[in-house]
Amino acid sequence: MNVPQTPGSRLDAYIDRYAARTRGMSASEIRALFAVASRPEVVSLAGGMPYLPALPLDAVSTVVEKLVSERGTVALQYGSGQGDETLREQICQVMALEGIDAHPDDVIVTVGSQQALDLVTRIFIDPGDVIIAEAPSYVGALGTFGSYQAEVVHVEMDDEGVIPEHLRNAIQSVRASGRRAKFFYTIPNFHNPAGVSLSVPRRREVLAICQQAGLLVLEDNPYGLLGFDSGPVRAMRADDADGVIYLGSFSKTFAPGFRVGWAVAPHAVREKLVLAAEASVLCPPSFSQLAVSTYLATQPWQEQIKVYRELYRERRDAMLESLADLMPPGARWTHPTGGFYVWLTLPPGLDSKAMLPRAVTARVAYVPGTAFFADGFGASSLRLSYCYPTPDRIREGVRRFAGVLEEELELWSTFGTGSGAGGLGRTERVDAPSPDTT
Ligand SMILES: Cc1ncc(COP(=O)(O)O)c(C=O)c1O
């Protein structure tokens, strides 16, 4: 290519060579926000970072030091593509807390559950294939689905999770269009970003619908052990070992920096996942796996999860109390019983994406709802996370956010528009039948 490249040039010398699948790749709205949101004067209610200052770092460093001095030549060596066997056994014990009776042979260790999402998509999706997903849905999964050129069909949720009738309709309308959905992607516990959980009766109904339609379920469950009110809820995988691929992660219950997650899948699928993983990374990192395995074997990991739960519960309370005190009429939000997130729907007429620059100027950040839809919807909603800021910072953040809403509503009532929004386009979007009914 002869096009000259200078640092900072906006020309891309390789523009005509990229694979078609790169068209489905775009920077996540969260990534773009990180730079701004991490400035100290900004209260970030945007990111979903676990609160690692609550982790006993001295204990973790003992684990790591011992690992290197006693098993360094194994920990620093290549390992099996499927993952360390002892860790896979331990993962089965973790999953037993949610009623899953799995064999270590059916577990594959991955580089976070994000890699598991990638592998599952890679082995099932050809360009144009349909994935059914909740509305809204996890931005990282949507990014992966987009990168394999999947078409995502969203299904509405309410406070009890995905609405079975709508799921049934979506499956039928995909079929009526001559296509077949490859899988249904769901986050049943403490949904990211919706902050709701799939109720127990609905779990049965959703499983029955998918079984009847021959539709594979992809159950993504990184937050399942972070419930505030009761013990873990029985996983969908526990009731259908053949029809559900389950994804788990140590990112939220231990630390994301190790990048250790897993998938448990029907046997034949698991074999394909291992082949795909080997083609991608040869093997998951031995060092991280053995560190997590040693942590599970030698540290009170369930106590640590309790510590996290208490901490996040206090922060959830701070957020919900502040929202109840400060939100204007017309705003509504979900009441999570675990996990990291609240999903807030704005008073009619406001647009979360258009409003963001004003919020950042007011030193508060959130993620606009559009990040969580593959189809451009979501402008009437946004995600607030309470996992990282302290309760005082959360209160301050919500106070600033309420100030922004007040200004926006004033603009709206005076001019029929808020900040930065082109009237018609925005009105159409906000007034369109909203898929974000949580
Ligand atoms: C629903 C969901 N799935 C998967 C992931 C990926 O987690 P990790 O790759 O750290 O295991 C996240 C992270 O935020 C998530 O919220």
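Table for the structure above
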{"read-out": "Restricting the stretch 156-185 to residues that are acidic (Asp, Glu) and more than 25 Å from SER230 (Cα to Cα), the residue that is nearest to the chain's Cα centre (by Cα)", "value": "GLU156"}
{"read-out": "Options ALA54, ALA46: the member that is in contact (Cβ under 8 Å) with a residue 24 or more places away in the chain, under 19 Å from TRP301 (Cα atoms) and among the small types (Gly, Ala, Ser)", "value": "ALA54"}
{"read-out": "Check on PRO188, within 15 Å of the ligand (Cβ to nearest atom) and either within 13 Å of the chain's Cα centre (by Cα) or open to solvent by 30 Å² or more (accessible area, probe 1.4 Å) (or both)", "value": "yes"}
{"read-out": "Total residues in the stretch 214-261, condition open to solvent by 20 Å² or more (accessible area, probe 1.4 Å), within 10 Å of the ligand (Cβ to nearest atom) and either aliphatic (A, V, I, L, M) or farther than 18 Å from ASN192 by Cβ (or both)", "value": "2"}
{"read-out": "Residue match in the stretch 147-163 (condition: more than 12 Å from the ligand (Cβ to nearest atom), farther than 25 Å from GLY24 by Cα, of a type outside the set (Asp, Glu) and surrounded by fewer than 24 Cβ atoms within 10 Å (Cβ to Cβ))", "value": "yes"}
{"read-out": "Output for the stretch 389-414, where each listed residue is farther than 15 Å from LEU344 by Cβ and surrounded by 20 or more Cβ atoms within 10 Å (Cβ to Cβ)", "value": "PRO389"}
{"read-out": "Filter result for the condition that a residue is within 15 Å of the ligand (Cβ to nearest atom) and either open to solvent by 20 Å² or more (accessible area, probe 1.4 Å) or not in a helix (DSSP H, G or I) (or both), over ASP126, ASP118, ASP101, ASP105", "value": "ASP118"}
{"read-out": "Residue count for the stretch 129-146, restricted to those that are away from the ligand (no atom under 15 Å from the Cβ) and part of a helix (DSSP H, G or I)", "value": "1"}
{"read-out": "Identity of the residue in the stretch 129-139, open to solvent by less than 20 Å² (accessible area, probe 1.4 Å) and of a type outside the set (Asp, Glu), that ends up farthest from TRP343 (Cα to Cα)", "value": "VAL130"}
{"read-out": "Yes/no for LEU198 being in a loop (DSSP other than H, G, I, E, B), within 16 Å of the ligand (Cβ to nearest atom) and open to solvent by 20 Å² or more (accessible area, probe 1.4 Å)", "value": "no"}
{"read-out": "Residues within the stretch 386-432 that are among the aromatic types (Phe, Trp, Tyr) and at pLDDT 85 or above, tallied", "value": "3"}
{"read-out": "Filter pass, GLY79 being assigned to a loop (DSSP other than H, G, I, E, B), within 15 Å of the ligand (Cβ to nearest atom), farther than 25 Å from GLY378 by Cα and not charged (D, E, K, R)", "value": "no"}
{"read-out": "Residue, nearest to the chain's Cα centre (by Cα), within the stretch 35-72, restricted to residues that are more than 16 Å from the ligand (Cβ to nearest atom) and assigned to a loop (DSSP other than H, G, I, E, B)", "value": "SER38"}
{"read-out": "Considering residues of the stretch 262-287 that are part of a helix (DSSP H, G or I) and in contact with a strand residue (DSSP E or B) (Cβ under 7 Å, 6 or more places away or on another chain) only, the residue surrounded by the fewest Cβ atoms within 10 Å (Cβ to Cβ)", "value": "VAL281"}
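The values are calculated or read from the model by the stated rules, or taken from the named source; none is laboratory data. Source: prediction; values computed, not measured. Cβ coordinates were reconstructed from backbone atoms using ideal geometry, including for glycine residues, and neighbour counts include every protein chain displayed. Only protein heavy atoms, including side chains, enter the accessible area calculation; ligands, DNA and RNA are left aside. Shrake-Rupley method; radii C 1.70, N 1.55, O 1.52, S 1.80 Å.
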